[in-house]
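J.: Provided herewith is a single structure, encoded as structure tokens, for subsequent inquiry.
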Amino acid sequence: MAKQPHPTPMLDTLESGPWPSFVTGLKRLAEDKDMVVDLLGQLETSYRTRKGYWKGGTVGVIGYGGGVIPRFTELKDEHGQPMYKDAAEFHTLRVMPPAGMHYTTELLRKFCDVWERHGSGLIALHGQSGDIMLQGCTTENVQKAFDEINEMGFDLGGAGPAVRTSMSCVGAARCEQSCFDEARAHRAVINTFLDDIHRPSLPYKFKFKFSGCPNDCMNSIQRSDMAIIGTWRDNIRTDEALVRKYFAAHGMNDLVNDVVARCPTKAIQVKDADQVRTEPSISAVRFNDTQALEIDNRDCVRCMHCINVITGGLAPGADKGVTVLVGGKRTLKIGDLMGTVVVPFMKLDTDEDLGKLIELAQKVIDFFAENALEHERTGEMIERIGLATFLEALEIDADAAMVACPRTNPYVRLDGWDDEVARIAAKKQQNA
Amino acid sequence: MSQPQLRRAVECGVPDNKPYLHPLLAKNYGNWKYHDRPRPGVLHHVAHGGDEVWTVRAGTQRQMDVWTIRALCDIADRYAEGHMRFTIRSNVEMMVSSFEQVAPLVEALEEAGFPVGGTGNSVSMIAHTQGWLHCDIPGTDASGAVKALMDELYEEFRREEMPNRVHLSTSCCEINCGGQADIAIVIQHTKPPKINHDLVANVCERPAVVARCPVAAIRPALVNGKPSLEVDETKCVCCGACYPPCPPMQINDPEHSKFAIWVGGKNSNARGKPTFMKMVAAGLPNNPPRWPEVSEIVKKILYTYKDDARPWERVADWVERIGWQRFFEKTGLPFTKYLIDDWRGARTNLNASTHIRF
């Protein structure tokens with residue numbers, strides 16, 4: 001039995017309504033935990049005063065410089081004593097989940113038991129960076145909780161100016177659109193940078209995210225410094241039985257309005273079946289006895305829309321790989337940035353392919369570490385120095401797939417133009 | 001007395017997920033053919049080899065107590081097959097290997113208070129941040145605002161009646177940890193930071209704070225004989241970037257930290273390229289415990305979209321078709337001069353054409 005609960009009239013109103021209530025959960029914990037009784041007291045105060053009362057600090061585990069988010073209360077009485085003393089320390093341990101956030105009940109129960117023993121019993125599944133967030137721990141118990149979790153085979157994630165915990169989609173485990181082994185790439189890349197995760201010493205945070213296809217369910221373009229997104233180079237594959245099934249259920253209006261008209265590059269046409277072109281870049285599939293969809297894959301930008309609508313009937317090609325984009329981030333300081341293409345396509349089938357991705361990641365992080373200003377994200381650094389400079393440092397040749405359009409202003413030194421043209425021609429000849 | 005032996009961390013990193021995969025997911029890894037949705041909240045995946053797996057998706061409160069997680073485990077053990085996973089929007093997914101198991105699992109989840117839904121053209125759970133519960137710089141709460149809004153959108157989570165999927169997010173400060181969304185709720189401060197000059201010198205690394213300001217409005221100054229910082233309030237855009245590195249520059253204000261609503265963010269590459277969301281409303285009060293003013297505007301935008309958008313149009317696609325004039329007309333939201341971009345790259349957000357809808 002814990003101590004008497006504080007009155008929480010404002011939070012109480014969040015127990016009504018049909019959506020699951022975190023307040024009800026906190027109150028259940030407060031039956032046994034003084035820490036949660038006082039957490040509710042402080043949270044109710046925040047609701048009343050509309051102010052936050054946590055400050056950071058330095059709390060960690062032996063050998064690591066990050067992975068714990070320290071929180072000390074600032075809600076104090078006139079003598080400087082915490083108003084809610086049992087929640088005066090309320091730290092979070094960030095723990096990296098298995099890629100794709102798959103669990104057995106046995107594993108989750110173990111996490112619950114550890115966190116009931118050493119922490120508040122409050123767990124977020126998951127934080128915005130993809131961590132299991134074990135929330136509410138005293139300074140004293142942080143090491144104990146970590147030791148048990150570490151013995152279970154789990155490790156802390158990133159915090160501060162470090163490589164951060166990553167996320168990958170369900171992908172190959174349960175999605176027909178998957179274009180690479182997301183979990184394998186996720187694990188191989190992240191586990192290369194454990195030192196940069198556990199000992200924060202970069203200019204600022206660095207995030208990787210892995211999405212199996214351009215639907216980008218991990219939001220990697222807009223919220224990771226390096227986005228690895230599955231794609232393919234060859235033709236969209238077709239399955240006539242499933243395309244006919246779609247057409248039988250939906251008819252011509254839906255086919256035209258929802259599929260053909262929504263193709264962003266007008267790569268799809270409805271044709272009489274005997275009029276369909278037979279060039280190598282054409283995917284064609286009958287949807288009834290006389291008519292077919294014809295896709296010119298040279299015009300296709302791999303947006304996924306038609307594949308999403310007729311899933312299985314249309315499918316990503318067989319020559320799969322990834323596109324790598326660099327520089328996505330949230331608002332502060334210069335405004336939100338999307339990642340932009342740095343590698344239009346690379347295979348990711350073999351260990352050697354994966355090694356190349358890791359090598360690229362290492363080069364990007366090394367350059368970031370040496371050249372970014374303090375508290376500058378990779379995207380901001382590229383904005384400051386220009387993408388061409390960044391590419392040069394990475395020894396990656398410019399590619400028209402990296403731009404929305406070529407430059408629209410003349411403000412550039414072109415002294416090197418002829419040499420660059422000659423270099424590209426020589427390289428082309430060498431590779432021919 | 002000898003010191004207790006200190007345990008060295010095993011830097012094991014991201015664990016292998018194979019031991020935690022549902023057996024059918026492990027067996028058909030990388031070999032799925034297609035999926036369909038027999039009902040909202042249920043996915044049916046078919047592998048090339050003919051195996052089938054059904055997934056039941058349900059909403060959670062994200063901030064879960066161990067009892068809630070154990071309740072989910074009990075359901076997964078009894079009605080599913082002992083495996084579950086979580087989506088990026090904190091929905092739980094339980095996999096079963098026969099269609100017959102779906103209905104009892106759905107019933108058990110709903111019975112226990114976890115709404116089944118969040119698939120296809122539904123309004124899925126709100127991506128959100130930590131807020132007053134755990135953040136050190138929050139302008140508001142996250143879990144409470146999300147709970148209040150999801151209570152109102154409960155049926156939209158359980159149905160698939162939107163033109164396309166709808167992703168929502170909330171963020172407790174302008175860093176926008178909630179991320180891009182079809183409709184996003186983000187704190188927007190409206191007054192410059194209030195500086196406690198007695199504390200700045202001891203707490204803040206002043207050059208670092210000066211460097212954080214996106215509009216160069218902060219400069220070192222002596223105030224009352226103490227080294228401190230001052231803000232050129234005519235330049236300040238009230239973003240709060242100075243507050244995390246310098247807590248004595250308090251940006252959160254119970255009265256003047258307001259909410260803004262943004263629309264049209266899209267992460268997917270489907271149809272158009274990914275888009276950033278755009279601010280369409282501001283000045284909404286930070287009004288716990290249920291933030292009714294915010295919910296009202298979100299619902300207004302959501303239901304205007306639901307009525308007006310065509311199949312497969314996300315909010316961004318819909319606005320691209322109808323134009324911003326009509327968006328403001330249909331939603332009844334005022335278009336003010338504050339919504340005209342003047343940040344870097346702003347000219348690309350102006351209408352340099354005669355393309356105008358009348």
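Nothing in this text is a laboratory measurement; each read-out follows from the coordinates by a stated rule. Predicted model, so just to flag it, every value in this text is computed and none were measured. Using ideal geometry, Cβ is built from the backbone for each residue, glycine included, and neighbour counts are taken over all protein chains shown.
J.: Along the charge dipole of chain B, Cβ charges K/R +1 and D/E -1, which of B:Pro19, B:Ala184, B:Thr55 sits furthest on the positive end?
T.: Comparing the listed Cα positions along the dipole, B:Ala184 ranks first.
J.: Work out the FRET efficiency for B:Glu52 and A:Lys428 from their Cβ-Cβ distance, taking R0 = 60 Å, and round it to the nearest 0.05.
T.: Efficiency, from the Cβ-Cβ distance: 0.75.
J.: In addition: Given +1 on the Cβ of Lys and Arg, -1 on the Cβ of Asp and Glu, and no further charges, what dipole in debye does the stretch A:9-151 carry about its Cα centre, rounded to the nearest 20?
T.: 400 debye
J.: While we're on this one: Return the whole-Å distance between the Cα centroid of the stretch A:332-375 and the Cα centroid of the stretch B:43-59.
T.: 34 Å
J.: Just rank A:Met101, B:Met84, A:Met152, fewest to most, by other beta-carbon atoms within 10 angstrom.
T.: Final ranking by Cβ density, sparse to dense: A:Met152, A:Met101, B:Met84.
J.: So, one more: Using only the Cα atoms of the stretch A:9-151, build the gyration tensor, take square roots of its eigenvalues as a ≥ b ≥ c, and label the shape rounded, prolate or oblate: rounded if a/c is under 1.5, else prolate if a/b is larger than b/c, else oblate.
T.: Oblate shape, in that a/c is at least 1.5 and b/c is the bigger or equal ratio.
J.: Let me ask another. Give me the one-decimal nm value for the distance between modelled label points at B:Glu293 and A:Asp419, 7 Å along each residue's Cα-to-Cβ direction.
T.: Placing both labels 7 Å beyond Cα along the Cβ direction yields 6.1 nm.
J.: May I ask you to evaluate 6.51 cos²θ - 1.76 cosθ + 1.60, the Karplus curve with θ = phi - 60°, for each residue of the stretch B:44-53 and list the ³J(HN,Hα) values in order in whole Hz, giving x for glycine and proline?
T.: 10, 9, 10, 8, 4, x, x, 4, 10, 9
J.: On to the next question. Take B:Lys337, B:Lys27 and order them by how many other Cβ atoms sit within 10 Å, fewest up front.
T.: Least to most surrounded, the residues fall as B:Lys337, B:Lys27.
J.: A follow-up question, please. Could you tell me which of rounded, prolate or oblate describes the stretch B:8-125, using a ≥ b ≥ c as the square roots of the eigenvalues of the alpha-carbon gyration tensor, with rounded for a/c under 1.5 and, failing that, prolate when a/b is larger than b/c and oblate otherwise?
T.: Cα axes put the stretch B:8-125 in the oblate bin.
J.: What FRET efficiency do you get for B:Thr190 and B:Val215 if R0 is 22 Å and r is their Cβ-Cβ distance, rounded to the nearest 0.05?
T.: For B:Thr190 and B:Val215, the calculated efficiency is 0.90.
J.: Taking the 0 to 90 degree range and rounding to the nearest ten, how far is the long axis of helix A:34-49 tilted relative to the main principal axis of chain A, both from C-alpha atoms?
T.: 70 degrees
J.: Taking every DSSP beta bridge that has both residues in the protein assembly as shown, what percent is antiparallel when rounded to the nearest 5?
T.: Counting only bridges with both partners in the protein assembly as shown, antiparallel ones make up about 85 percent.
J.: Here's a follow-up. At 7 Å along Cα-to-Cβ for each site, give me the label-to-label distance between B:Asp308 and B:Gln250 in nm.
T.: Taking the two extended label points, one gets 4.1 nm.
J.: So for B:Trp32, B:Trp312, fewest C-beta neighbours within 10 Å to most, what's the order?
T.: By the 10 Å Cβ count, ascending, the order reads B:Trp312, B:Trp32.
J.: Beyond 26 Å, what percent of the Cα pairs of chain B remain?
T.: It works out to 61 percent of all Cα pairs.
J.: Now for a different question. Which value at 222 nm does chain B reach when only helices count, each DSSP H run of 4 or more adding -39,500 (n - 2.57), with the total divided by all residues and rounded to the nearest 500 deg cm²/dmol?
T.: -7500 deg cm²/dmol
J.: Find, to one decimal place in angstroms, the Kirkwood hydrodynamic radius of the protein assembly as shown, where the mean of 1/r is taken over every pair of different Cα atoms and then inverted.
T.: 27.5 Å
J.: Pop out the ³J(HN,Hα) list for the stretch B:14-29 in order, Karplus 6.51 cos²θ - 1.76 cosθ + 1.60 with θ = phi - 60°, rounded to Hz; leave Gly and Pro as x.
T.: 6, x, 5, 8, 4, x, 9, 6, 4, x, 6, 6, 5, 5, 9, 3
J.: Could you give the length gained by full extension between A:Arg233 and A:Asp32, i.e. 0.36 nm per residue of separation minus their alpha carbon distance, to one decimal place?
T.: 66.6 nm
J.: Can you list residues from other chains, or at least 5 along the same chain, whose modelled amide H is less than 5 Å from the amide H of B:Val14?
T.: Close amide H contacts, sequence-distant or interchain: A:Asn191.
J.: Once you order the gyration tensor axes a ≥ b ≥ c over the Cα atoms, which shape class does the stretch A:237-315 get: rounded for a/c under 1.5, otherwise prolate or oblate by comparing a/b with b/c?
T.: rounded
J.: Sticking with this one: Could you work out how far apart the two model spin labels at A:Gln269 and A:Thr350 are, taking each label as a point 7 Å from the Cα in the direction of the beta carbon, and quote it in nm?
T.: Distance between label points: 4.0 nm.
J.: Can you work out ³J(HN,Hα) from phi for every residue in the stretch B:231-241, in order, using Karplus 6.51 cos²θ - 1.76 cosθ + 1.60 and θ = phi - 60°, giving whole Hz and x for Gly and Pro?
T.: The phi angles translate into 10, 6, 5, 6, 8, 4, 9, 6, 7, x, 4 Hz.
J.: Now, a different point. In whole angstrom, how long is each semi-axis of the equivalent ellipsoid of the stretch A:263-381, when you take the square root of 5 times every eigenvalue of its Cα gyration tensor and sort them from largest down?
T.: Whole-Å semi-axes of the equivalent ellipsoid: 40, 18, 10.
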